[in-house]
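Trainee: Next up is a structure, given as structure tokens.
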Amino acid sequence: MCVRTSGSRSDTSKDWYFENATINSTVKLVQGLMKKYNVPLSRVVRHYDVVGKYCPNPFVLNDDPVTWSSFKSMVAGDKDLPPDTGSSSTSTKPSKPSTGGSVSASGINVRYQAYVNGQWLPWVTNYNNVSSDGYAGIPCRAVTGLKAYTVGSQSAAGNLQYRVHLRGGRWLPWVTDASGKAPNDYAGIYGHVIDGIQVKLVNKPGYHAEVRVQLTDRTGWLSWSSQYSTGADAYAGIYGIGIDRVQIRVVKN
């Protein structure tokens, strides 16, 4: 099960929690395995019960709204599953991406997509935190490729440039307005986790690009990284930790 944290990464921290989608898919998986192999509910145990490790953490400390006891009640069919959105904690997070769009406050639209689990996900237009096109990526699944471009002519929308940093590696070359028309028209190397992203908008005075990300091992968006620079906000991400969600926008200065 994919467990996320809102703070401390200690094994005994109470900051760990499950997203509702994780709870729901795991319940269905366990029910299917129980039926297939004729396993009684009494034999469904935690990693903790076998080796003593705090795993899954929320099911050991029982500090998540979905406790180990309530999870087993869901498996037994005695308790309803939680809504398949957001998390079992009270945190608010963007929803999954789609090919739809949101309105850009700057008037310049940017489209982007992420390569995850061996496939390119649907294109996302701009970003938002409430509807179905909030970000590019899949929670808890590291991004290994990125494509992005501004929509419209150079005079109207400028050119979006961006590059990515590979975990344990280096910054790759800049890519300009990659729309996927060429086989290698993307930033990244398939199979290599991305842990940093830089963006900049060129040929459009008065506007700049920004990017922000979420990481595979914790919840919450990191701060927006403004137009490529060499300061504290020089990139979005944290070296050594994979990125699982990306949002890009163009902002008027």
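Trainee: Considering the range 44-67 alone, what residues qualify as being open to solvent by 90 Å² or more (accessible area, probe 1.4 Å) and within 21 Å of D80 (Cα to Cα)?
Mentor: Result: P65, single match.
Trainee: Continuing with the same structure: Residues of the range 116-141 being open to solvent by 30 Å² or more (accessible area, probe 1.4 Å), in a loop (DSSP other than H, G, I, E, B) and under 17 Å from D244 (Cα atoms), which ones? Quick ask: steps written out before the conclusion?
Mentor: Filtering the range 116-141 down to residues open to solvent by 30 Å² or more (accessible area, probe 1.4 Å) leaves 117-120, 122-123, 127, 129-132, 138-139, 141.
Within this subset, residues satisfying the condition of being in a loop (DSSP other than H, G, I, E, B) are 117-118, 122-123, 127, 129-132, 139.
Scanning the range 116-141 gives N117, G118, P122, W123, Y127, N129, S132, P139.
Trainee: Could I ask something else about it? State the number of residues belonging to the range 68-79 that are under 25 Å from R218 (Cα atoms) and open to solvent by less than 70 Å² (accessible area, probe 1.4 Å).
Mentor: Initial filter on the range 68-79 (under 25 Å from R218 (Cα atoms)): 68-71.
Applying the additional criterion that residues be open to solvent by less than 70 Å² (accessible area, probe 1.4 Å) yields 68, 70-71.
Summing the residues that are under 25 Å from R218 (Cα atoms) and open to solvent by less than 70 Å² (accessible area, probe 1.4 Å) in the range 68-79 gives 3.
Trainee: Within the range 229-253, track down each residue that is more than 20 Å from N109 (Cβ to Cβ) and part of a loop (DSSP other than H, G, I, E, B). Outline the logic, then answer.
Mentor: As a first pass, look at the range 229-253 and keep what is more than 20 Å from N109 (Cβ to Cβ): 229-235, 237-244.
Result: S229, T230, G231, A232, D233, A234, Y235, Y239, G240, G242.
Trainee: It is to be established whether one or more residues within the range 11-20 are within 27 Å of the chain's Cα centre (by Cα), among the polar types (S, T, N, Q), open to solvent by less than 50 Å² (accessible area, probe 1.4 Å) and at pLDDT 80 or above.
Mentor: Kept after step one, since they are within 27 Å of the chain's Cα centre (by Cα), are these residues of the range 11-20: 11-20.
Adding the requirement that they be among the polar types (S, T, N, Q) leaves 12-13, 20.
Filter once more, keeping what is open to solvent by less than 50 Å² (accessible area, probe 1.4 Å): 13, 20.
Going one step further and asking which of them are at pLDDT 80 or above, we end up with 20.
Checking the range 11-20: at least one residue is within 27 Å of the chain's Cα centre (by Cα), among the polar types (S, T, N, Q), open to solvent by less than 50 Å² (accessible area, probe 1.4 Å) and at pLDDT 80 or above.
Trainee: Modelled with pLDDT of 80 or more and hydroxyl-bearing (S, T, Y): which single residue out of T90, T85, T67 fits that description? Let's see the steps before the verdict.
Mentor: On the way: T90 fails: modelled with pLDDT of 80 or more; T85 fails: modelled with pLDDT of 80 or more.
Only one candidate qualifies: T67.
Trainee: Which residues, taken from the range 227-240, are of a type in the set (A, V, I, L, M, F, W, C), surrounded by fewer than 17 Cβ atoms within 10 Å (Cβ to Cβ) and modelled with pLDDT of 90 or more?
Mentor: Start the filter on the range 227-240 by keeping residues that are of a type in the set (A, V, I, L, M, F, W, C), which leaves 232, 234, 236, 238.
Remaining after also requiring surrounded by fewer than 17 Cβ atoms within 10 Å (Cβ to Cβ): 232, 234, 238.
Passing the criteria: only I238.
Trainee: Give the number of residues within the range 36-60 that are assigned to a helix (DSSP H, G or I) and either touching an Asp or Glu at 6+ places or on another chain (Cβ under 7 Å) or closer than 20 Å to S73 by Cβ (or both).
Mentor: Within the range 36-60, the first condition is being assigned to a helix (DSSP H, G or I), and the residues that meet it are 36-37, 41-43, 47-51, 57-60.
Now drop any that are not either touching an Asp or Glu at 6+ places or on another chain (Cβ under 7 Å) or closer than 20 Å to S73 by Cβ (or both), which leaves 41-43, 47-49, 57-60.
Residues in the range 36-60 being assigned to a helix (DSSP H, G or I) and either touching an Asp or Glu at 6+ places or on another chain (Cβ under 7 Å) or closer than 20 Å to S73 by Cβ (or both): 10 in total.
The values are calculated or read from the model by the stated rules, or taken from the named source; none is laboratory data. Treat the numbers as computed from the prediction; the structure is a model and nothing was measured. Cβ sites come from the backbone with ideal geometry, for glycine too, and all protein chains shown count toward neighbours. Ligands, DNA and RNA are stripped out before the accessible areas are found, and what is left, the full protein with its side chains, is counted by its heavy atoms. Shrake-Rupley method; radii C 1.70, N 1.55, O 1.52, S 1.80 Å.
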